[in-house]
Each structure stands twice: as C-alpha cells, then as structure tokens.
Amino acid sequence: MTSATASPDDAGGVPDPRAALESALREIAETADPAALEAVRLRHLGRKGTLARLTARLRELPPERRPEYGRAVNEFKERVAAAADERMRALRPARPAAGHGFDWTLPGNWRGLGRRHPISRIVARTVEIFRTLGFTVAEGPDIETVRNNFDALNTPPDHPSRDPQDTFYLEDGRLLRCHTSPVQVRYMESHRPPVRIVAPGRCYRRDTPDATHSANFHQVEGLYVDRNVSLADLKGDLSYFAAQLMGPDVRVRFRPHFFPFTEPSVEVDFTCHVCRGRGCRVCKQSGWIEIAGAGLVHPNVFRAVGYDPAEVTGYAFGMGIERIAMILHGVPDIRMLYENDVRYLAEF
Ligand code: PHE
C-alpha cells in the first residue's frame, strides 16, 4: 500500500499527508470570506494544526519510510500555504497596483504656500499708506479713449507720446492707456471736489524691453484737489509715503520737469534704498532713483472736467511701481518681475 492511496489514518495510526492535502485544498476553495479562510489556514498550518501533527508523526515512522513521508509533508505545507494566499487575493477587494489609479501608501507631495507677487504687495502697501492720509482708491479701465488719455489731460495734438510708435492704438480708435492719469479725468468728472484718491493700475507703452523698460508696467496715480493745495503738500505727503514704505532715512527731492497736465511739473527722486544714497550700480552712482512724475494740476485739466481753476488747486503724481520694487528688493532687471520664476519670487 502506498501512502498516495492510503486513508488519513493508515496502518500504524500515521495520518496520510496526501489525503490531508486534498481535504485542506477543498476546504480552502469552499471558503466564502477572508475570516473563514484565515480559520481554515490556521487549522492546517497553525501551531496545533494538521501540519504540526503530520510533522510530529514523522518520528514514529521507521527510518526507511521517513524520506517519502517528509516530502509529502513538505508538499502539504507549500501547497496549502500557496492555495490560502491565492484564495485570499480572490476574496479581498483588489488594491490598485502602483502606477494604476491611486496608491494611498505613497507619502503626499508638499506644494508649498503661495505668496503675493511683489508688485501686488507694493500696490497694497502704497494704498494702505495713502489711506492713512485720507485717500480712497479709484480705478479705471486699461482700454481708454484718446480724450481721457490725452485731450482732457491738456496734451497737445502734436505731443510725441501720442505717436503710434509710443502708444498702442486699437482698431476702433481707442488705446491702451500709457499712464494712470486718465483715472484723474474719470474721477473728477464724476465727483465734486475735494478729491483725495490713489489709482493703481496697468499701463502700456511701446518700449523695447530691457533691464529698466517693459511694455506693460504698473503705476499708482495720486490726486489731491481742494482749496490751497500746494507743492509743499505734495512734497510732504510723498516724503511721508517714502518714510513709511522704506524707512525714516529716505529723502525725497524734486527736479523741474514738464508734463502737459501739471504746472509746475517735477520729477520725484527717492534716495537709493540699495546704497542708502552713497551711490551704487542700481542708482548709477547718483544716490537717487526717479520714482514719480508729479506737479500741480494744470488749469486746463480742471476746465476739461468741469472744475473751476479759480476755486480749487490740486496736486497729482504717477509713481512707477516696478521702480519701487527694484530698489526696495534690489532687483537688477525689471524682467525678473515678469518671468515669474517662483523660485526667484519666493526670495522676496
Ligand atoms: N502720467 C505721468 C507719466 O506717466 C506721471 C504724472 C502723473 C505726472 C501725474 C504728473 C502728474 O509719466
């Protein structure tokens, strides 16, 4: 009699591993859920299970029968374990393999916190500082009429800034505003004096881009109209602004200039924030940086918007935001503010 055909308890009371294997495989195939399968697996492969009993009997056999019996016990162990594993895979809901669907065992990706662009931050800070002086915010559209951008601002028909070489015109005769000054016109036409506004916004000029020029840039316009507003008010307010933005040791100077819409007109310089006025590459060794154009509102502008120049006076300024960003943060090239390399912007 060979063990392959023997009953589980053949002569000598030794259980038959092959018969035990067959019934174990049948039991495994019949399990309906992972818990039942685990119970069957333990009953056969566990510490007091079938495998343990089969192994214990090995010693009771005569030496000549042990090799064959041992092989059958090994086969029992391997095939029962393999069948239990396979059945478990069939009973468990399948986990998506890596690369297919969502693998919840992978650690998450930290994307980092966003931050505001330096241009937006300077605009917000500028508005905040002028708010403390009683200014409110006004806005106007990027696409403007020739009248608001030039005519109402006392700009003569032959003024070079009107040239299509310098200003972007649209097919319908309108244009992309080349400064924020048309917001002065819009605001005064819809409000009675006194006026105290700042107007941040985008401006467009046909400039060839280089380290200090961009075809698209930002200004903050300021307008203060009341009785007896003077250049001293302008200088005082801009000095306060400079000190608030950059620190108490920043100084402000006016240089005579010309704008059609102000009289007198000035260009406004701040002491260079990078070298504190000693002279460096950013300020071209002068110690000063041009920040704004400004002046007292021209009587013709008041007339154009329906204000009486005998009743009111006012100051206006237009500040270049990129200029401020460059000296505040030591940015050597205006284009770095537009390339938007987040690694560079994260430095601010
Ligand atoms: N609009 C002028 C410019 O863009 C600046 C300016 C504004 C000058 C207001 C005077 C008054 O250069």
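If the condition is being within 15 Å of the ligand (Cβ to nearest atom) and basic (Lys, Arg), then region 217-263 contributes LYS235, ARG255. None of VAL220, VAL301, VAL268 is within 25 Å of ALA138 (Cβ to Cβ), over 34 Å from the mean Cα position of the chain (by Cα), surrounded by 15 or more Cβ atoms within 10 Å (Cβ to Cβ) and not small (Gly, Ala, Ser) except VAL301.
Evaluate the following for PHE241: is it among the aromatic types (Phe, Trp, Tyr), crowded, with 20+ Cβ neighbours inside 10 Å and farther than 19 Å from PHE261 by Cα?
Working: among the aromatic types (Phe, Trp, Tyr): yes; crowded, with 20+ Cβ neighbours inside 10 Å: yes; farther than 19 Å from PHE261 by Cα: yes.
It is true that PHE241 is among the aromatic types (Phe, Trp, Tyr), crowded, with 20+ Cβ neighbours inside 10 Å and farther than 19 Å from PHE261 by Cα.
Per the conditions (1) under 28 Å from the mean Cα position of the chain (by Cα); (2) over 25 Å from CYS283 (Cα atoms); (3) crowded, with 21+ Cβ neighbours inside 10 Å, the sole criterion not satisfied by LEU175 is (1).
In region 111-139, which residue that is open to solvent by less than 20 Å² (accessible area, probe 1.4 Å) and assigned to a loop (DSSP other than H, G, I, E, B) is farthest from GLY247 (Cα to Cα)? So the residue we want is ALA138.
Could you list all residues from region 150-172 that are touching a strand residue (DSSP E or B) at 6+ places or on another chain (Cβ under 6 Å) and open to solvent by less than 10 Å² (accessible area, probe 1.4 Å)?
Residue satisfying the conditions is THR167 alone.
Being crowded, with 16+ Cβ neighbours inside 10 Å, within 16 Å of the ligand (Cβ to nearest atom) and touching a residue at least 40 places away in the same chain (Cβ under 8 Å) is the requirement here; does SER214 meet it?
yes
Looking only at residues in region 276-312 that are of a type in the set (Gly, Ala, Ser) and at negative phi, the one that is farthest from the ligand (Cβ to nearest atom) is ALA310. Taken together, the residues in region 308-317 that are closer than 18 Å to PHE135 by Cβ and either over 43 Å from the mean Cα position of the chain (by Cα) or part of a loop (DSSP other than H, G, I, E, B) (or both) amount to 2. What residue, among those in region 264-275 that are among the hydrophobic types (A, V, I, L, M, F, W, C) and more than 10 Å from the ligand (Cβ to nearest atom), is modelled with the highest pLDDT? So, considering only residues that are among the hydrophobic types (A, V, I, L, M, F, W, C) and more than 10 Å from the ligand (Cβ to nearest atom), the one modelled with the highest pLDDT is PHE270. Can you tell me which of (1) modelled with pLDDT of 95 or more; (2) basic (Lys, Arg); (3) within 16 Å of the ligand (Cβ to nearest atom) is the one ARG162 doesn't meet? In the conditions (1) modelled with pLDDT of 95 or more; (2) basic (Lys, Arg); (3) within 16 Å of the ligand (Cβ to nearest atom), ARG162 misses (1) alone.
The values are calculated or read from the model by the stated rules, or taken from the named source; none is laboratory data. This one's a predicted model, so the numbers in the text were calculated from it and none came from an experiment. No Cβ is skipped: glycine too gets one built from the backbone with ideal geometry, and neighbour counts run over all protein chains shown. Side chains included, ligands, DNA and RNA excluded: accessible areas come from the protein's heavy atoms. Shrake-Rupley method; radii C 1.70, N 1.55, O 1.52, S 1.80 Å.
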